[in-house]
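Okay, so here's the structure we're looking at.
The values are calculated or read from the model by the stated rules, or taken from the named source; none is laboratory data. As the structure is a prediction and not an experimental result, all values here were calculated from the model. Every residue, glycine as well, gets a Cβ built from its backbone with ideal geometry; the counts of neighbours run over all protein chains shown. Areas reflect the complete protein model, heavy atoms only, side chains present, ligands, DNA and RNA absent. Shrake-Rupley method; radii C 1.70, N 1.55, O 1.52, S 1.80 Å.
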Amino acid sequence: MASVRQKQDFVVQIAKNFKNIDIHPPKLKKLVKTICNRFKLSKATISIAIVNNAQIRKVNKQFLNQDRPTDCLSFNLSDNKKSSVKSFELVVNAEMAVRQANLLGHSSEAELALYITHGLLHNLGFDDSTQKQAEKMHNTE
């Protein structure tokens, strides 16, 4: 009997609204697909908005009532939590990524990839509200 492979359907959309960072969309899309595969997510639409401090601050205030910039915001827009097709929206702060990368001595695209990974992990059920949870999430990143 022949085995049937499940088709993996991913749609990854990237909107870059910050000019001062070099990104390679194919690399970022591959990262997203790799994370989804790692957690056995076979069907997903993932939208990533790459923004600056002011833009993410506005979204953070609107949805989380936090009037400050942050590194990443993630939203699970799936019809329901048990749906086999997931829909995630990530808003990542490229301005902060550039600043942090310069401080830490690595590329801004690597820092941005970390923010994307962090946001996806939140959408996949990870939490970092306690020290133990944060350590587990950091180790997974």
inquiry  = Just to be sure before I move on: is residue 80 open to solvent by 70 Å² or more (accessible area, probe 1.4 Å) and part of a loop (DSSP other than H, G, I, E, B) in the structure I sent?
reply    = yes
remark   = Taking the stretch 97-141 and keeping residues polar (S, T, N, Q) and either out of contact with any helix residue (DSSP H, G or I) (no Cβ under 9 Å at 6 or more places or on another chain) or under 19 Å from residue 14 (Cβ atoms) (or both) leaves 107, 108, 117, 123, 129, 130, 131, 133, 139
query = Quick check: anything in the stretch 56-65 within 16 Å of residue 15 (Cα to Cα) and touching a strand residue (DSSP E or B) at 6+ places or on another chain (Cβ under 7 Å)?
reply = yes
inquiry  = I'm trying to understand the selection: among the residues of the stretch 85-107, which are within 15 Å of the chain's Cα centre (by Cα) and part of a helix (DSSP H, G or I)?
reply    = 94, 96, 97
request  = Look through the stretch 26-55, keep the residues that are part of a loop (DSSP other than H, G, I, E, B) and farther than 25 Å from residue 98 by Cβ, and return whichever of them is most open to solvent (accessible area, probe 1.4 Å).
outcome  = 40
remark   = Scanning the stretch 111-137 for residues that are under 13 Å from residue 71 (Cβ atoms), part of a helix (DSSP H, G or I) and open to solvent by 40 Å² or more (accessible area, probe 1.4 Å) gives 114, 122
